[in-house]
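Encoded as structure tokens, the structure appears first; notes follow it.
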2 protein chains.
Amino acid sequence: MLRIIVLGAAAGGGVPQWNCGCAVCSAARNEQPELRSTQASVAVSADGEHWFLINASPDIRQQITDTPSLHPKGGKLRHSPIAGVILTNGEVDAVAGLLSLREGWPFEIHAHERVLSILKSNSIFNVLNPELVKRIPIEAGAAFEPKLPDGSPSGLEIEAFEAPGKAAWYLEGIADEQPGDTLGLVVRSKADGDSFVFLAACSMVTPDVAARLRNAPLVFFDGTLWRDDEMIAQGLSRKTGQRMGHIAMEAAIPALSDSGIGRKVFLHINNSNPALLPGSPEREAAEAAGWLIPSDGMEIKQ
Amino acid sequence: MLRIIVLGAAAGGGVPQWNCGCAVCSAARNEQPELRSTQASVAVSADGEHWFLINASPDIRQQITDTPSLHPKGGKLRHSPIAGVILTNGEVDAVAGLLSLREGWPFEIHAHERVLSILKSNSIFNVLNPELVKRIPIEAGAAFEPKLPDGSPSGLEIEAFEAPGKAAWYLEGIADEQPGDTLGLVVRSKADGDSFVFLAACSMVTPDVAARLRNAPLVFFDGTLWRDDEMIAQGLSRKTGQRMGHIAMEAAIPALSDSGIGRKVFLHINNSNPALLPGSPEREAAEAAGWLIPSDGMEIKQ
């Protein structure tokens, strides 16, 4: 069995986003605090005791405080159940939380060389002492078992695959897009084979993506936007979802309708996405198609 | 008049700190949530409408959400009352929050060249579009008036002075310590001359520091530790306060007892500091000496 906790469900900026006055952000600040959501990250554990985070969001300190499973074990002066962080891309909303995991606790960072090179070239990440916090390259297609701080096996097996996406946008114009900028992950319990697929940034359902997801028992999938041009239509941005490397829900839902996926969960949901609002036609359409819009702290057993 | 809001009162890591099981952090997680505190930052405004942050803590998103004065103005799709950020050093707990101020809102960053060079050499800060977010060098001793996004005057006058401290520790061994690594600020309302001194990182009360603080109507002062060796004594670290560039409260209180300061507020208080606990002998000693231990969200008018 795998235990999975949605630490945050929102896309970059979160809900509410600091400078956004859209209907969803305004409601989240005031009359509907239940709409609040921190930036996307999930925690996964094979033993319920040691946890690996998939991505480290800027909200990580708040997420850890709000998640009892991630609190230090009673009676220890320095401790964390967090044994490692798996990074699937180099965007700020996926890596900035690493800066909050300082203070001398050993854990592993697993990321593609493309993302490790970002960490290396940004000296601020040296707050994580490299003797305590190992940086380990992920190779697409090569399954690995992340280790616990004492070197013992975690009971998880992770295989990454290259997903259609784009490079971190603060590197646009500096670095070309290359395979490895965006990864999907297949995460398995070694004990019983239970598994899920994590693909929270994906620009299209290619034949390869469809094959990866086919008959998966549980999938976390890119839920950034409902409609490709919604941020333009709402006057929030000049960028389409495609330009940002994200397929729209209204395109993903039909593309994955016959995929045989067991449970389908959207993640990395932008504040512009009307599916965030319970009762909206978009939310109802997503739920009718078997998709879950999670809230922060939701636990899923697989 | 100046309005000042304590967005966060805690030192790096906050209370609770993610991997800390000390008495204060454990109580803050469980039976005493009122002990929770985010990482140090204050917001200041001369007009109650436009605000400048002193330092940008990793908890900035949570701090903005919790502070109605910093919410977007009603009826605007994209807006923030935040007109600028003044950085007093380059530590993670002072600069990481900049990464959360992305999304296309214009504001100014004011910092010493030493700190600007850190931002420049870390490409991740390019998420802040340099056309929208101007980086302006602070020169010690040269008073300046930060501008509002439309170019109009803010009504604030800020003069920085070099404080005894140390370089950001992730640069240790790479960069030598130099003047400008740690700044104190004198912040004045141009309209009526009301002012305060911000000096939340300071390793000793030198004659120059004493002169800066003498007869100041309001001072925010380094409150990291109660005792220089408390982190060693508690088994939390091998570093003294002096090694980290912080004077202990028990040394600062007598050193500033005859300084004629109007209101004395400690800031950047570490979770190891027993003065955090209401009713502790250390808290009572600090309060008896006229010092305030603030909580997040506290507003001070000056």
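Gain in length, A:D208 to A:E287, computed as 0.36 nm per residue apart minus the alpha-carbon separation, to one decimal in nm?
25.9 nm
Could you please state, rounded to a whole Å, how far the C-alpha centre of the range A:258-302 is from the C-alpha centre of the range B:220-276?
When both Cα centres are located, 48 Å separates them.
Can you give the charge dipole size of the protein assembly as shown about its Cα centre, rounded to the nearest 20 debye, using +1 on the beta carbon of Lys and Arg and -1 on the beta carbon of Asp and Glu?
Here the size comes out at about 120 debye.
For chain B, what proportion of DSSP beta bridges, expressed in % and rounded to the nearest 5, is antiparallel?
Here the antiparallel bridges make up roughly 50 percent for chain B.
Using a label position 7 Å from Cα in the Cα→Cβ direction, what is the ascending list of nm distances from A:E34 to the same site in the other copies?
2.9
What percent do you get for the relative contact order of the range B:3-295 when only Cα pairs under 8 Å and 6+ apart count?
15
Could you pull the copy-to-copy label distances for A:I136, with points set 7 Å along Cα to Cβ, in nm to one decimal and sorted shortest first?
Here A:I136 shows inter-copy label distances of 4.8 nm.
Once you have a ≥ b ≥ c as the square roots of the Cα gyration tensor eigenvalues for chain B, tell me rounded if a/c is under 1.5, and otherwise prolate or oblate according to whether a/b is larger than b/c.
Rounded.
Please go through the range A:66-139 and write out the GluC sites (Glu not before Pro) that DSSP classes as loop and that have at most 10 other C-beta atoms within 10 Å.
Passing sites in the range A:66-139 are A:E131.
Every other copy gets compared here: list the nm distances from the A:Q178 label point (7 Å along Cα to Cβ) to its counterparts, shortest first, one decimal.
Copy-to-copy label distances for A:Q178: 3.3 nm.
When DSSP assigns beta bridges and you keep just the ones with both residues in the range B:23-180, what percent turn out antiparallel, to the nearest 5?
30
Quick one: grab the alpha carbon gyration tensor of the range B:197-302, order the square roots of its eigenvalues as a ≥ b ≥ c, and give me rounded if a/c is under 1.5, else prolate or oblate depending on whether a/b is larger than b/c.
Oblate shape, in that a/c is at least 1.5 and b/c is the bigger or equal ratio.
Mind listing the phi-derived Karplus ³J(HN,Hα) values for the range B:66-79, rounded to whole Hz, using 6.51, -1.76 and 1.60 with θ = phi - 60°, and x for any glycine or proline?
7, 10, x, 4, 9, 7, x, 5, x, x, 10, 5, 10, 6
Of the options A:S257, A:L277, A:V42, report the single residue whose Cα projects farthest towards the positive end of the charge dipole of chain A (beta-carbon charges: Lys, Arg +1; Asp, Glu -1).
Final value for the positive-end residue is A:V42.
Given charges of +1 on the Cβ of Lys and Arg and -1 on the Cβ of Asp and Glu, with all other atoms neutral, how large is the dipole of the range B:3-295 about its Cα centre, in debye to the nearest 20?
With Lys and Arg at +1 and Asp and Glu at -1, about 580 debye.
For the range A:217-290, which chymotrypsin sites (Phe, Trp or Tyr not before Pro) pass both filters: DSSP loop (anything but H, G, I, E, B) and at most 13 other C-beta atoms within 10 Å?
Of the chymotrypsin sites (Phe, Trp or Tyr not before Pro), not one in the loops of the range A:217-290 has a Cβ with at most 13 other Cβ atoms within 10 Å.
Pairing rule first: another cysteine's C-beta must sit under 4.7 Å. Under that rule, which cysteines of chain B stay single?
B:C22, B:C202
Tell me, what ³J(HN,Hα) does each residue in the range B:125-132 have, in order and in whole Hz, if you take phi through Karplus 6.51 cos²θ - 1.76 cosθ + 1.60 with θ = phi - 60° and put x for Gly and Pro?
6, 5, 4, 8, 4, x, 6, 9
List the residues whose amide H sits under 5 Å from the amide H of B:S237, counting only those 5 or more places along or on another chain, with H placed 1.01 Å from N in the peptide plane.
B:I232
Assuming 0.36 nm per residue, please report the length gained on full extension of the stretch B:S152 to B:N215 beyond their Cα-Cα distance.
Value of the extension gain: 19.6 nm.
Per the helix-only calculation at 222 nm, which mean residue ellipticity applies to chain B, given -39500 (n - 2.57) for every DSSP H run of n ≥ 4 and division by its residues, nearest 500 deg cm²/dmol?
That calculation yields -4500 deg cm²/dmol at 222 nm.
For the charge dipole of the range A:3-301, defined by +1 on Lys and Arg C-beta atoms and -1 on Asp and Glu C-beta atoms about the Cα centroid, which residue among A:A160, A:L148, A:Q32 has the Cα displaced farthest towards the positive pole?
About the Cα centre, the residue reaching furthest to the positive side is A:L148.
Would you work out if the range A:95-220 is rounded, prolate or oblate? Take a ≥ b ≥ c from the square roots of the eigenvalues of the alpha-carbon gyration tensor; rounded if a/c is under 1.5, else prolate when a/b is larger than b/c, oblate otherwise.
In terms of gyration-tensor shape, oblate.
Step through the residues of the range B:184-193 one at a time and calculate ³J(HN,Hα) from phi using the Karplus curve (6.51 cos²θ - 1.76 cosθ + 1.60, θ = phi - 60°), rounding each to whole Hz and writing x for Gly and Pro.
With the stated coefficients, the range B:184-193 comes to x, 10, 9, 10, 10, 7, 5, 5, 10, x Hz.
How large is Rg/Rh for the protein assembly as shown, to two decimals, with Cα atoms and a Kirkwood Rh?
0.97
Could you tell me the center-to-center distance, by alpha carbons, between the range B:8-65 and the range A:45-87 in angstrom?
19
Please list, in order, the residues from the range B:130-162 whose amide nitrogen is less than 12 Å from a point placed 7 Å along the Cα→Cβ vector of B:E113.
Those under the cut-off are B:137-140.
Where is the GNM fluctuation largest for chain B (alpha-carbon springs, 10 angstrom cutoff): B:T88, B:T224, B:T240?
B:T240
Tell me the trypsin sites (Lys or Arg not before Pro) within the range A:1-78 that lie in a loop according to DSSP and have at most 13 other beta-carbon atoms within 10 Å.
A:K73, A:K76
Considering only DSSP beta bridges with both partners in the protein assembly as shown, what is the antiparallel share in %, to the nearest 5?
Around 50 percent antiparallel, to the nearest 5.
With the crude spin-label approximation of a point 7 Å out along Cα→Cβ, what separation in nm comes out for B:S121 versus A:M1?
Result for the modelled spin labels: 5.0 nm.
Only the coordinates and a few stated rules stand behind these numbers; no lab work does. A quick note: this is a predicted structure, and the numbers were derived from the prediction, not measured. Glycine gets a Cβ as well: all are built from the backbone with ideal geometry, and neighbour counts include every protein chain shown.
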